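Engineer: Just dropping this structure here.
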Amino acid sequence: MKTLEEYLSDAAAAHGHLCAGQVLGVRMAMLGLHKLGLEEPQGKDRKRIVTFVEIDRCATDAVMVVTGCRLGKRALKFRDWGKVAATFVDIETGKAVRIAAKESSKAAAKNLHPEITDKNQQQMLAYREMPTSSCSSPSGCM
């Protein structure tokens with residue numbers, strides 16, 4: 001798997017710019033694939049992944065970049081539930097994990113970097129730094 005910075009660069013190129021949603025999408029996808037034990041989403045593991053995204057916003061483009069899942073390949077499924085969340089399915093093992101960004105992450109970003117006045121810049125930096133290991137929900141969180 002690539003590094004966070006490499007995926008963010010790829011996501012910015014694919015989406016046209018880098019924003020907080022892109023950072024969340026990349027981190028969500030990386031965490032989901034890690035939890036499933038998939039290391040090469042665009043290599044040897046590419047046919048094992050199906051992803052269900054729950055929002056048609058920036059994060060979805062980033063999820064596509066990391067996983068390689070595309071609507072046209074029938075590996076990306078869109079369910080409009082208005083949540084910054086995605087479910088990553090390993091069709092070989094039948095295991096799946098849902099990763100969702102908490103609404104409280106916006107307030108956490110403000111608390112983490114009050115010195116940054118631009119909300120998008122504040123969230124982009126904070127979302128890169130926020131730990132995922134503190135998640136107590138079995139469905140994951142950011």
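The values are calculated or read from the model by the stated rules, or taken from the named source; none is laboratory data. Just so it is clear, the structure is predicted and the values come from calculations on it, not from any experiment. Counting neighbours? That spans all protein chains shown, and the Cβs are built from the backbone with ideal geometry, glycine included.
Engineer: Does residue 44 meet the test of being among the basic types (Lys, Arg), surrounded by fewer than 12 Cβ atoms within 10 Å (Cβ to Cβ) and either out of contact with any helix residue (DSSP H, G or I) (no Cβ under 9 Å at 6 or more places or on another chain) or part of a loop (DSSP other than H, G, I, E, B) (or both)?
Structural biologist: Details: among the basic types (Lys, Arg): yes; surrounded by fewer than 12 Cβ atoms within 10 Å (Cβ to Cβ): yes; either out of contact with any helix residue (DSSP H, G or I) (no Cβ under 9 Å at 6 or more places or on another chain) or part of a loop (DSSP other than H, G, I, E, B) (or both): yes.
Taking the combined requirement at face value, the residue satisfies it.
Engineer: Among the numbered criteria (1) touching a helix residue (DSSP H, G or I) at 6+ places or on another chain (Cβ under 7 Å); (2) crowded, with 19+ Cβ neighbours inside 10 Å; (3) modelled with pLDDT under 95; (4) not hydrophobic (A, V, I, L, M, F, W, C), which one does residue 70 miss?
Structural biologist: Residue 70 satisfies every listed condition except (2).
Engineer: Could you tell me whether any residue of the stretch 89-100 is under 19 Å from residue 27 (Cβ atoms), without any contact (Cβ under 8 Å) to a residue 40 or more places away in the chain and part of a loop (DSSP other than H, G, I, E, B)?
Structural biologist: No, that holds for no residue.
Engineer: Let me ask another. Within the bounds of the stretch 61-71, is there any residue that is part of a loop (DSSP other than H, G, I, E, B) and either in contact (Cβ under 8 Å) with a residue 12 or more places away in the chain or farther than 16 Å from residue 47 by Cβ (or both)? Working first, answer last.
Structural biologist: Just the residues of the stretch 61-71 that are part of a loop (DSSP other than H, G, I, E, B), to begin with: 68-70.
Those still in the list that are either in contact (Cβ under 8 Å) with a residue 12 or more places away in the chain or farther than 16 Å from residue 47 by Cβ (or both) too: 68-69.
Yes, the stretch 61-71 contains at least one residue that is part of a loop (DSSP other than H, G, I, E, B) and either in contact (Cβ under 8 Å) with a residue 12 or more places away in the chain or farther than 16 Å from residue 47 by Cβ (or both).
Engineer: Something else: Return only the number of the condition from (1) of a type in the set (A, V, I, L, M, F, W, C); (2) within 12 Å of the chain's Cα centre (by Cα); (3) over 17 Å from residue 129 (Cβ atoms) that residue 69 does not satisfy.
Structural biologist: Result: residue 69 passes all but (2).
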